[in-house]
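Chemist: Have a look at this one.
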Amino acid sequence: MEGDVGYGGLAISLVLVAVALAISLRLRLRLERELVVSVARGFVQLLIVGVALALVIDPGTPLVWSWLWVAGIVVFAAATVHRRAPAVPRLFWIALVANGATAVVGFAITFGLGIFPIEGRTLVPIAGILVGNAMKSGIVAAERLVEALSEQRAEVEARLALGQPSLQASRPIVRSVLRTALSPQIENTKGLGLVFLPGAMTGLILAGVDPADAVLVQLAIMYLILGGTATTTAITALGAVRRLFTADHRLVALPRSTRDTG
Amino acid sequence: MSGSAALFSFESVSVGPSGARRLDGLGAELPAEGLTAIAGPSGSGKSTLLRLCNRLEVPSAGVVRHHGTDLAQRDPLELRREVAMVFQRPVTFAGTVHDNLREADPGCDAARAAELLEHVGLDAAFVSRDAGELSGGEAQRACLARALATRPRVLLMDEPTSALDDRAAAVLERLARRLVDGGTPVVWVTHSDEQLRRLADFALLLVGGRIDGSGSAREVTGGGG
């Protein structure tokens, strides 16, 4: 294959990791350990994934293994969102529904409209790229929601004190959180081709596919990612905000709360 | 004072986990009329006591009653419109003063807005002012107008003058007195003995989450009023 990197090429690419390590050391960021762990972990994980993918996408392997893999991606994404915003009760289940919905909607469009055929080699990568991007926005939404409600507790309680229901009292914050969580993906889509050449397209071109075909695949994927991100973010934020108020419309105790209890 | 006549009654009320109680087995009754001042040092539970009255806080043990009715049985949204609250620091919402008033009363038209502003001593021209650009005293009065927009029967004020200069504080004190004279009972949290003596018809002194004294301002502050 023209794009064959080989282990030698991979080793050379580590030079930039060394640069990152040097920056961390020089600026005393204390990220060296995290950098080394992330590089090693990514290496091992992707090697295992590569081997497993080769088995799963083999035309002789039953499709059920691909579906199981997709389910694993959704569950892992939900667990990650939950871990990043532990202040939200039962966030795992909200994130499971949110990421699951993105996978379902994405698959319905991708396979229902015949953009790609349903095969092992399409199911797993598409779920990975859709849910992976949606999960990132879901994390931003959940984390930012907790922070914003904590920082702006005074405003939320001023609204509650006027007799506003919790969803109305938190609406300006939820709107702002959704904008924050969605804007990076919107900017990514706007900057397509101008600022960066996204992963799927780059990979296809490096692997020798005609750039025009690679562009079409990438565009389809970017639009799916944008829709999936909006779906996951909205479900996560709207689900999480309900968990952060009691049934009698009180804001629960949150980390970093500055409420005066004098 | 009987339980049903009391504006609020607190029966063995505790708030917070055992070992870190903000209120600890507190029992008290607030009179149905006049201005009741809740005083005490920082961290004594004054704000917590006030927040129990409109269910921004709920007791972990005990019962809070409003005119004899257990607050746990009341619809919290309806209760909060009936028992309005002004906070320590004025919190205005984005938009104009009129937008702020509409948050409390979506049907608040220009005439009603002018009436509310006049009630708190602000000129009708304030209606179109950006709420974020008001001075501290103006913002607190706009917040009071917003609280009054729900046509409350009781007003809770949580150290409403602590972030204001003396002149703005005096204006707010006069407004509270006018509300009381007009038949709206006010419960006012303060950490100032002087303010307590100036304002209170009835006073409650809290120390360490418990009642340390109640009665007239003179009785609670040990004379000098």
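Chemist: Can you name the residue in the range B:120-147 that is farther than 15 Å from B:Ala168 by Cβ and touching a helix residue (DSSP H, G or I) at 6+ places or on another chain (Cβ under 6 Å) and is also farthest from the other protein chains (Cβ to nearest Cβ) among such residues?
Modeler: B:Ala124
Chemist: Of all the residues that make up the range A:22-48, how many are assigned to a helix (DSSP H, G or I) and in contact with a helix residue (DSSP H, G or I) (Cβ under 8 Å, 6 or more places away or on another chain)?
Modeler: Of the residues in that region, 6 qualify.
Chemist: Which is assigned to a helix (DSSP H, G or I), buried (at least 17 other Cβ atoms within 10 Å of the Cβ) and within 15 Å of the chain's Cα centre (by Cα), of B:Val180, B:Val187?
Modeler: B:Val180 is the lone residue from the list that is assigned to a helix (DSSP H, G or I), buried (at least 17 other Cβ atoms within 10 Å of the Cβ) and within 15 Å of the chain's Cα centre (by Cα).
Chemist: Look through B:Pro152, B:Pro160 and report the one residue that is within 13 Å of the chain's Cα centre (by Cα), in a loop (DSSP other than H, G, I, E, B) and more than 12 Å from chain A (Cβ to nearest Cβ).
Modeler: The unique qualifying residue is B:Pro160.
Chemist: Right, here's the next one. Give the number of residues within the range B:54-73 that are of a type outside the set (Asp, Glu), surrounded by fewer than 19 Cβ atoms within 10 Å (Cβ to Cβ) and more than 9 Å from chain A (Cβ to nearest Cβ).
Modeler: As a first pass, look at the range B:54-73 and keep what is of a type outside the set (Asp, Glu): B:54-56, B:58-69, B:71-73.
If we keep only those that are surrounded by fewer than 19 Cβ atoms within 10 Å (Cβ to Cβ) too, we end up with B:58, B:60-63, B:67-69, B:72-73.
If we keep only those that are more than 9 Å from chain A (Cβ to nearest Cβ) too, we end up with B:60-63, B:67-69, B:73.
Counting residues in the range B:54-73 that are of a type outside the set (Asp, Glu), surrounded by fewer than 19 Cβ atoms within 10 Å (Cβ to Cβ) and more than 9 Å from chain A (Cβ to nearest Cβ) gives 8.
Chemist: Let me ask something else about it. Answer yes or no: is there a residue in the range B:89-100 that is within 9 Å of another protein chain (Cβ to nearest Cβ), under 20 Å from B:Leu175 (Cβ atoms) and either among the acidic types (Asp, Glu) or not in a loop (DSSP other than H, G, I, E, B) (or both).
Modeler: No: zero hits.
Chemist: If B:Ala163 satisfies every condition in (1) small (Gly, Ala, Ser); (2) touching a Lys or Arg at 6+ places or on another chain (Cβ under 7 Å); (3) within 19 Å of B:Glu115 (Cα to Cα) but one, which is the exception?
Modeler: (3)
Yes/no matrix, rows are residues, columns are (1) at the interface with chain B (Cβ under 10 Å from one of its Cβ atoms); (2) crowded, with 23+ Cβ neighbours inside 10 Å:
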{"site": "A:Arg144", "(1), (2)": "no, no"}
{"site": "A:Glu147", "(1), (2)": "no, no"}
{"site": "A:Glu151", "(1), (2)": "no, no"}
{"site": "A:Ala154", "(1), (2)": "yes, no"}
{"site": "A:Ala161", "(1), (2)": "yes, yes"}
{"site": "A:Gln164", "(1), (2)": "yes, no"}
{"site": "A:Leu167", "(1), (2)": "no, no"}
{"site": "A:Pro172", "(1), (2)": "yes, no"}
{"site": "A:Arg175", "(1), (2)": "no, no"}
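Chemist: Restricting attention to the range B:32-40, does a residue exist that is over 14 Å from the mean Cα position of the chain (by Cα) and within 14 Å of chain A (Cβ to nearest Cβ)?
Modeler: yes
Every number in this text was worked out from the coordinates using simple rules, so none of it is lab data. None of the values given here were measured: they were computed from a predicted structure. Cβ coordinates were reconstructed from backbone atoms using ideal geometry, including for glycine residues, and neighbour counts include every protein chain displayed.
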